[in-house]
1. So what are the ³J(HN,Hα) numbers for the range 49-61, from phi and the Karplus equation (6.51, -1.76, 1.60; θ = phi - 60°), rounded to whole Hz, Gly and Pro as x?
2. Just going by the charge dipole of the chain, with Lys and Arg at +1 and Asp and Glu at -1 on Cβ, which of THR79, PHE35, TYR90 is farthest out on the positive end?
3. Step through the residues of the range 32-39 one at a time and calculate ³J(HN,Hα) from phi using the Karplus curve (6.51 cos²θ - 1.76 cosθ + 1.60, θ = phi - 60°), rounding each to whole Hz and writing x for Gly and Pro.
4. Can you list residues from other chains, or at least 5 along the same chain, whose modelled amide H is less than 5 Å from the amide H of PHE92?
5. Mind jotting down a quarter of the surface of the convex hull over the alpha carbons of the chain, in square nanometres, one decimal?
6. Roughly what angle does helix 2-11 make with the longest principal axis of the chain, taking Cα atoms, 0 to 90 degrees, to the nearest 10?
7. So what's the angle, to the nearest 10 degrees on a 0 to 90 scale, between helix 21-31 and the longest Cα principal axis of the chain?
8. Using helices alone, I'd like the mean residue ellipticity at 222 nm for the chain: each DSSP H run of four-plus residues gives -39500 (n - 2.57), total over residue count, nearest 500.
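The values are calculated or read from the model by the stated rules, or taken from the named source; none is laboratory data. Source: prediction; values computed, not measured. Virtual Cβ from ideal backbone geometry, glycine too; neighbours counted across all protein chains shown. Note: areas computed on protein heavy atoms with side chains; ligands, DNA, RNA excluded. Shrake-Rupley method; radii C 1.70, N 1.55, O 1.52, S 1.80 Å.
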Amino acid sequence: MRLRYLNYKQEHRWLRVLLNKYSVVTVIFLIWMLFLDNNNIGVWLRTRRTLRNQERSIVYLRNQIQETENRLYPLKSVTDSLERFAREEYFFHEDGEDVYIVK
C-alpha cells in the first residue's frame, strides 16, 4: 500500500505544484496583468508602436528642418538671391512686368 501511495505521489507531483495556492495566485495575477488590466499587453504594444512611429516622424522632421535651413541660408545672405528665389518658385513679379511660364 505504501509503495502504491508513493508512486501516485510521484506521478502527480506536477499537479500538486500546479494546484499549490501560490501557483494559482501567480497564474491569476499574470492573467489579470496581461489581459484584463487597463495597461495590459495589447495597450503596451500599441503604445510602443506609436512611440516608434513618433520617433521616426521626429527624425524625418529634423531632416526636413535641416534641409530647409540649408536652403534658407543662401537666401538670407544675399538679397538678390532672395528676389530670384521668389520669382522662380512663387512667380513673384513687379508692377508692370509680364510673367511667362514655360514648361
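1. Ordered by residue, 3J(HN,Hα) equals 5, 5, 4, 4, 5, 5, 5, 4, 5, 4, 4, 4, 5 Hz.
2. Value: PHE35.
3. Listing the rounded values in order: 4, 5, 7, 10, 9, 6, 5, 9 Hz.
4. ARG87
5. On the way: hull surface 63.8 nm².
Its average projected convex-hull area is 16.0 nm².
6. For 2-11 against the chain, the angle is about 10 degrees.
7. Tilt relative to the chain: about 20 degrees.
8. On the way: 5 runs with 76 residues, N = 103.
So the calculated ellipticity at 222 nm is -24000 deg cm²/dmol.
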